[in-house]
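All remarks here apply to the structure that follows.
What follows draws every value from the coordinates through simple rules; no lab data is involved. Note that the structure is predicted; figures quoted are calculated from it, not measured. Here the Cβ is made from the backbone with ideal geometry for all residues, glycine too, and neighbour counts use every protein chain on show.
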Amino acid sequence: MNRIEISELTKDYGSHRVVDHLTFDVMPGRVTGFLGPNGAGKSTTMRLLLGLTRPTAGAATIGGRSFTELRDPLREVGALLDPQAAHGGRRARDHLLALAVSNRIPVPRVDTVLEQVGLAAVARKRVGAFSLGMRQRLGIAAALLGDPAVLLLDEPTNGLDPEGIIWIRELMRGLAAEGRTVLVSSHLMGESASFVDHLVVLGQGKLLADSSLKDFIDARSTPRVRLRTTEPDRLRAALEHDRFAMTPTEEGRWTVDGTTAERLGILAAREGIPLLELTDERASLEQAYLDLTADRTPFAAHAA
């Protein structure tokens, strides 16, 4: 099974603990967002998982094995950690070709992934002439080269234009739908909310949350309904009977805290009160994330 298992993972650099007894699993079949402030330990955890750094204690395994035990690592795990990793003097296709040959990957696969990431037309150009977005696509191509069951992507949308962001979003969801394990580190909360199914959140090296996206947001927000009606006085009276209050907002709209659109809609229908607009309001992922990590952000800016 291609499950990622992190168990009591700890990493110290001298007296500074970067990763602090982390324990969580990343399951196949869903996109897991790996979130946390700068310095939270996300990149270090990924490096530990890929055998680029040795842990002080604990273990990080993929399918029950450490990365260093994998016979053909690129055919089992694809990773994007640094889009600048490819040598600037090497042509894009040659960069991938070297990876393919060294990992016993069929050469035709090189052209397949170049086409998949949209770089087929510039395959013979040197990487040094690439924009950040093009380098990012090349890094994603390298991660996909071995058709791996596990993908680790660190800030995959960095440098991509809007079309590229939509493309990588659909790519990640498609890979997860095929039963692969997809772990994505990102600082873009709004974008992350559009493609992640599950969240793992770190703060100062510690695990702060490990839950579905919905549960994460619901646990940090109060139910609220936004509405418009032609008979606010009647609706207010009906709501007061159930101990709910209407609060006026902009453009003739009202909000009601502590209830849902479904419940309020049933009440309005029962009383024969017309509703012109009725919708649930939920906290955004960004709001819920900031609420959780407010005291775990070591490099927070303050207003003058």
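Note on the chain: lysine pairs with Cα distance below 29 Å, sequence gap of 8 or more or different chains, count 5. Converting phi to 3J(HN,Hα) with the Karplus coefficients 6.51, -1.76 and 1.60 and the offset θ = phi - 60°, segment 136-148 yields 4, 5, 5, x, 5, 4, 5, 5, 8, 3, x, 6, x Hz in sequence order, with x at every glycine or proline.
Distance from a point 7 Å along Cα→Cβ of M189 to each backbone N in segment 28-66: keep the residues under 12 Å and list them by number. Within reach of a label on M189, which here means backbone N under 12 Å from a point 7 Å along Cα→Cβ, segment 28-66 contributes 36-37. The Rg/Rh ratio for segment 224-281, using Cα coordinates for both the radius of gyration and the Kirkwood hydrodynamic radius, is 0.89. Straightening the chain between A129 and K214 buys 26.4 nm, computed as 0.36 nm per residue apart minus the Cα-Cα spacing. Across segment 1-80, Cα pairs under 8 Å and at least six residues apart give a relative contact order of 36 percent. Along segment 102-109 the Karplus relation, 6.51 cos²θ - 1.76 cosθ + 1.60 evaluated at θ = phi - 60°, assigns HN-Hα couplings of 6, 10, 6, 9, x, 4, x, 5 Hz to successive residues, with x for each Gly and Pro. What the Cβ-Cβ distance of R243 and T222 gives, at R0 = 22 Å and to the nearest 0.05, is a FRET efficiency of 0.90. Volume per residue for segment 4-211 equals 116 cubic angstrom (convex hull of Cα atoms). Taking every C-alpha pair closer than 8 Å and separated by at least 6 residues, the mean separation divided by the residue count of the chain gives a relative contact order of 21 percent. The mean sequence separation of alpha-carbon pairs under 8 Å and at least six residues apart, normalised by the residue count of segment 224-281, gives a relative contact order of 54 percent. At an R0 of 45 angstrom, the distance between the Cβ atoms of Q116 and S284 translates into a FRET efficiency of 0.90.
Count Lys and Arg as plus one, Asp and Glu as minus one, and take only other residues whose Cβ is under 12 Å from that of L119; the net charge is then +4. A dipole drawn for the chain from +1 and -1 charges on Cβ atoms has a positive end, and of P108, L202, S66 the residue lying farthest that way is P108. Karplus-derived 3J(HN,Hα) values for segment 71-80, using 6.51 cos²θ - 1.76 cosθ + 1.60 with θ = phi - 60°, are 5, 10, x, 5, 8, 10, 9, x, 9, 10 Hz; glycine and proline are entered as x. Net length available on complete extension from L276 to E170 is 34.7 nm, with 0.36 nm assigned per residue and the Cα-Cα distance removed.
When R90, R224, R54 are arranged by Cβ crowding within 10 Å, least crowded first, meaning fewest neighbours, the order is R54, R90, R224. Whole Å is fine, so just give me how far the alpha carbon centre of segment 231-277 lies from that of segment 70-139. Here the two parts' Cα centres lie 56 Å apart. Nearest 10 degrees is fine. How inclined is helix 162-177 to the longest principal axis of the chain, computing both from alpha carbons? Relative to the chain, helix 162-177 is tipped by roughly 80 degrees.
Here the label points at D197 and L52, each 7 Å from Cα along the C-beta direction, are separated by 2.7 nm in the simple model.
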